Amino acid sequence: MPKPGFNVFTSNRLEILVEQLAQEMRVPLPSPLEEDLIIVQSQGMARWVSMELAGINRICANCFFPFPNVFLSYLCQSLLPGISESPIFDSNALTFRIMTILPGCLHRPAYGSLRSYLSDDQEGVKLFQLSSKIADLFDQYLVFRPGMILGWEKGEKPDDFNQHWQADLWMAINTPAESMHRARMREMLLERLSTHDADVPSLPKRVSAFGISHLPLFHLQILAAVSKHVQVNLFLMNPCREYWEEIVTNRDIRRIRKHYVSRDIKPQDLHLDKGNRILSTMGALGKDFISMIGELDCEQIEMFEPPHRQTMLSTIQSDILNLVEPAVPYNQEIGNGVDPTAGGHKTSQPFTGDSSIVMHACHSPMREIEVLYDSILAMLEEDPALMPRDLLVMIPDIETYAPFIHAVFDTVAEERMRIPFSVADRSMIKESRVIEGFMAILDLTESRMEAGRVLYLLEYPAIRENFGLTEADLSRLEGWVKDVNIRWGRDAVSRSRLGLPAVNENTWGAGIQRLLLGLAMTGNDQNLFSGILPYDNMEGEDSLLLGRFLDYLTCMFQTCTNLEKPKTIRQWAAAFTTTLNQMFSCGDPFERDLQILRKTIGQMVENAQVSEFENRLDIEVLRTCLRNSLGGNIFGSGFISGGVTFCAMLPMRSIPFKVICLVGLSTNEFPRDFRKMSFDLMAGRPMKGDRSRRDDDKYLFLEALISARETLYISYIGQSVQDNTRIVPSVLVSELIDYIHDRFGVDPDVLVKHHPLQAFSPVYFQEESPFFSYSQENFVAATQQKASEPHQRFVAGSLGPPLDEWRQLDVETLCLFFKNPTRFLMQKCLGIVFEELAVLPDDRENFRLEGLDRYLMEQELFRYQAQGIDLDDLKPAIDARGILPHAEIGSYEFNRMSRDVKRYGEFIASYIRERAPEAQAFELVVGDFTLTGSLPGIYEDDCLYFRYARWNPRDMIRMWIYHLVRCCLEDELPGKSWYIARNAAFEFTPVMGSHVILESLLAIFWEGLAEPIHFFPASSYAYAEQVIQYSRNREAALKSAGKKWIDEHSWSESADPYVAYCFEGLNPLDNRFETLSESVFGPIIEHFRKLDGP
């Protein structure tokens, strides 16, 4: 049976400590059914310890791994039967109790600052946030300042102004019926353990604490008291075998010397020991903890072991272990050139080179993960004994990096290149799509019901499947919402509640009415039924999909209505439960997450009940409360699961791995800066043992440095993505870089690899390059962009002679070719059609009709005008479609467009002169081509082509081709041909030698079937106009064409996706461009005359 006593086993290697733990556990307990109690501070440590114990002792069974606070509760149940901590002192319940009491105390003078802060808190959000901060602070007081809490309860008067209102508030919370908190229970436990010299039967017979970097004095005193009755073993990782409790940092040395500078004391008489600078800078947390343990009555057993490898990493670990500091140049010493250290002093040695410490500076988190992936592949390739489970990747902000991890490690095509991995420590609210969807519904309640946000809820599988919808249905639903112009708002009434005009257009109500009526009848975009315009693009089979969509909308709108008004916590819980039941599928993939939500909601009700909180709260407060609860919890899976483990940088993660990777150690990101509250009494009067989040991070970095057995990998954002300027890393990384420079003479630019911005940079695939990549895709991209090679075109050279079938040609095909020769080649000859990007529904109603919407409306009005329909009669139908701006602005826009269309129609009528249009069919042989089709717009002897749009060279070419065909068909000179646009009119004169000109156009067409030709209508016309019409020189003409080719402010021909794909990286405005431009537009300019437009 284990003997009572407090044993502290210290070592610099956790493997030695776990072997000692296994040896201690070989001593049997009195009963085989009794649990071995091992205190840990993380689930990851518990998992690692259990696996190591199983490997050493061949079994690990009947072990209980409590956290320190759970162990405290266990002791209370054993030694103080019938006494338990009041649930009111749970931080969440305490928040609601403070919310109940605090408003009634604000009139007191001591609460002046709080009263001022809460003066404009209408929704109660500030009260909740402040109460939550106070509750967390009181919870820390119970552990780190139990004496202060007990003093308040004894009536001791605070001597600090901030203590006055805190003590007063604590006494209002701590009623006699609910006074059992951790500080009081600690006092009772210590009294119970000190008054019984004999064994306490209810105590565990052996208590071990493993892998704990820090414990408050609160818990240490209890462990020391327990050790009087049973064996207590503390297994502590100590980075240094020497006495280092009094070493100081460079900053402390300067501060102390400055204090004694006027007292005629020599610096060496101060006996300031810096020891090892890494240990002194980063080890404050461990130094205080070891000092606190040294003050206890315990037996310390040292089990240190020097590193076995001779590498840069092991040398630094040895320096820390032996408390030695590398020599630095004289002028870098601190103050007056006097050696500030009293410990060992190592002479700097030149670095011969190894890869035990590697550092990478990248431009972005994505690039960090890409570089990490290639580095891990290289490590696995170089060392066959290294397995993915031997690597640990720690990231300060795991939530930011998690999507990039999946994007890089999950998308590897080749199985042999896949690296097994898991991501741990992600919060529930980020990892669970169910929880994320639930929070999105809560966010929607205070929104304007924008079309995009309502549709986005269907991206969550649990919501989508609940209404029988599939992922393929979403594109159809988005098309309907866009076509019926749903923008935002449930209906006119909901808009009026926001203080806006009660306009029904562009609301969900108006859009759904159109969709439903579209199933029953057609409206032809102009026939209203009871003021509703049916949506014509509906088919019979769409009724089922529309019905499911309406079920979703009805349920969603009803849910949002139920969540609008303030409620009590119990009422909110009922509303949330109803939301889960109605909006989410309860299938197997979602049940776990739904249970977590229900449990969280139930816990919130219990907290409100024990705190007797019955006030009504706004949805914003409940949303914040749930987000805090769910955001602080993790699923607890993914740590040490067989592959590479990605996890957050959390305290007590000093688990040894062959390779430890620290990613995201960028400036201002690590160590993390945690701002303390201004009324935090511990910050004003710090004591040994107080926790500092910043010191936690520093010690975490030190533990990672010590725990890496073969390689320490560090990466950070070290270059600006905007201008490539250097960015300094975390101060801890900078400290390590300086240490390596002084210890080994390694230049920082050699130690840190500064990576290119892009993963497909050629430097990754060059011989003798320090960079490398395993990506075949990036290799292909890099070889295509070498500066020494010309840019490779998509179509390099001719595709070969076109098929003879293209010699039988329709005139419309010829017109389509000259509209965009490059697009014609890719679509008609190569069969390449680029999919248009889906356009999400617009969430804003139109305040001004412009762009494509205006053009389509004008075309529609002109079409109705040509049919003899009165445009004023169309206004109600157009209003019902939700295209026009609302109210008077919409009427003004409609009237202006109608006026312009009527004027244009009158102008066209002056040319037609009541003549009926005819279409002239033809078949024309031109050289080797046979051109067929029909000529539209023939009015007796004249040909008229009109289009209600601003004139452009593409339409001009179309009319020119029609005109040439007419000239070829007529034995005598034909009548006049006109091209009438919205803002200009052109008359084409008869052409002599039209066959020759048409044959030259067909020759260009034949050339364009074999390769992309350098002809672009707008740019080519701009060039030809300057050269031929205005007799400008070539440079001026090319400059004019360049403005059409590239325009930063509007659409340009180079932005066309087909043109961009074929001419990427090239300038096609060359000699061939000049020749083609003059060949096509030269005859046009010579045979047209510009007239007064409409």
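Readers should treat all values here as calculations from the given coordinates under stated rules, not as data from a laboratory. As the structure is a prediction and not an experimental result, all values here were calculated from the model. Using ideal geometry, Cβ is built from the backbone for each residue, glycine included, and neighbour counts are taken over all protein chains shown.
Just a few scattered comments:
- Amide H contacts under 5 Å for V926, placed H, 5+ residues apart: L931
- Protection-proxy order for peptides 205-213, 664-672, each taking the mean of Cβ atoms within 10 Å per residue, highest first: 205-213, 664-672
- Sites E591 and L118 - FRET efficiency at Förster radius 41 Å, r taken between beta-carbons, to 0.05: 0.50
- Folded to 0 to 90 degrees: helix 1071-1086 orientation relative to the chain principal axis, Cα: 40 degrees
- For the range 925-986, convex hull volume per residue from C-alpha positions, Å³: 92 Å³
- Using θ = phi - 60° in the Karplus curve 6.51 cos²θ - 1.76 cosθ + 1.60, the 3J(HN,Hα) couplings for the range 53-64 round to 4, 5, x, 7, 8, 6, 6, 9, 9, 6, 10, 10 Hz; x is entered for Gly and Pro.
- Counting every other Cβ atom within 10 Å of each residue's Cβ, H181, H363 order from fewest to most as H363, H181.
- Sorting 94-105, 66-77 by their mean Cβ neighbour count within 10 Å, with the most densely packed peptide first, gives 94-105, 66-77.
- Net charge, G124 excluded, C-beta distance under 10 Å - Lys, Arg +1, Asp, Glu -1: -2
- Across the chain, C-alpha contacts under 8 Å between residues 6 or more apart give a mean separation that, scaled by the residue count, equals a relative contact order of 13 percent.
- Distance from the range 669-725 to the range 1016-1094 (C-alpha centre basis), Å: 60 Å
- Pairwise centroid distance, computed over Cα atoms, of the range 896-921 with the range 211-250, Å: 95 Å
- When +1 charges are put on Lys and Arg Cβ atoms and -1 charges on Asp and Glu Cβ atoms, the dipole computed for the chain relative to its Cα centre reaches about 3060 debye.
- Each eigenvalue of the Cα gyration tensor of the range 985-1060, multiplied by 5 and square-rooted, gives one semi-axis; in descending order these are 24, 20, 12 Å.
- Each 10 Å bin from 0 upward holds the following percent of the Cα-Cα pairs of the range 397-549: 9, 27, 29, 18, 12, 5, 0.
- Length added when fully stretched, A909-L150, from 0.36 nm per residue minus Cα-Cα: 263.4 nm
- Using alpha-carbon coordinates, inclination of helix 433-444 to the longest axis of the chain, degrees: 70 degrees
- DSSP bridge analysis restricted to the chain gives an antiparallel fraction near 30%, rounded to the nearest 5.
- For the range 838-951, with +1 on Lys and Arg beta carbons and -1 on Asp and Glu, the positive-most of V901, Y911, G927 along the dipole: V901
- Greater than 28 Å apart at Cα, pairs in K875/K976; K676/K698; K482/K1044; K819/K1039; K902/K1039: K875/K976; K482/K1044; K902/K1039
- The helix-only estimate of mean residue ellipticity at 222 nm for the chain, built from DSSP H runs of length n ≥ 4 each weighted as -39500 (n - 2.57), is -14000 deg cm²/dmol after division by the residue total.
- Sequence-ordered 3J(HN,Hα) estimates for the range 774-780 from the Karplus curve with 6.51, -1.76 and 1.60 and θ = phi - 60° stand at 9, 7, 5, 4, 5, 5, 4 Hz, glycine and proline given as x.
- Rounded to the nearest whole Hz, the Karplus-based 3J(HN,Hα) values (6.51 cos²θ - 1.76 cosθ + 1.60, θ = phi - 60°) of the range 75-84 follow the sequence 5, 5, 5, 7, 9, 10, x, x, 10, 9, with x at glycine and proline.
- Take each peptide in 533-544, 459-470, count the other Cβ atoms within 10 Å of every residue, and average; sorted highest first, the result is 459-470, 533-544.
- Spin-label model, K1043 to M687: label points 7 Å out along the Cα-to-beta-carbon direction sit 7.8 nm apart.
- Between 0 and 90°, nearest 10: helix 217-226 axis offset from the chain longest Cα axis: 50 degrees
- Note on the chain: semi-axes of the ellipsoid equivalent to its C-alpha gyration tensor, largest first and rounded to whole Å, are 74, 41, 26.
- Kirkwood radius for the range 87-179, taken over all pairs of different Cα atoms as the inverse mean of 1/r, rounds to 13.6 Å.
- Other-chain or far-sequence residues with amide H under 5 Å of Q231's (modelled H): G5, V207
- Centroid-to-centroid separation of the range 73-95 and the range 475-535 [C-alpha atoms, Å]: 58 Å
- Radius of gyration and Dmax over the Cα atoms of the range 851-912, both given in Å: 11.7, 37
- Local charge for A209 was computed over the other residues whose Cβ lies under 13 Å away, with Lys and Arg +1 and Asp and Glu -1, and equals -1.
- Using all pairs of distinct alpha-carbon atoms, the Kirkwood hydrodynamic radius of the range 1035-1091 works out to 13.0 angstrom.
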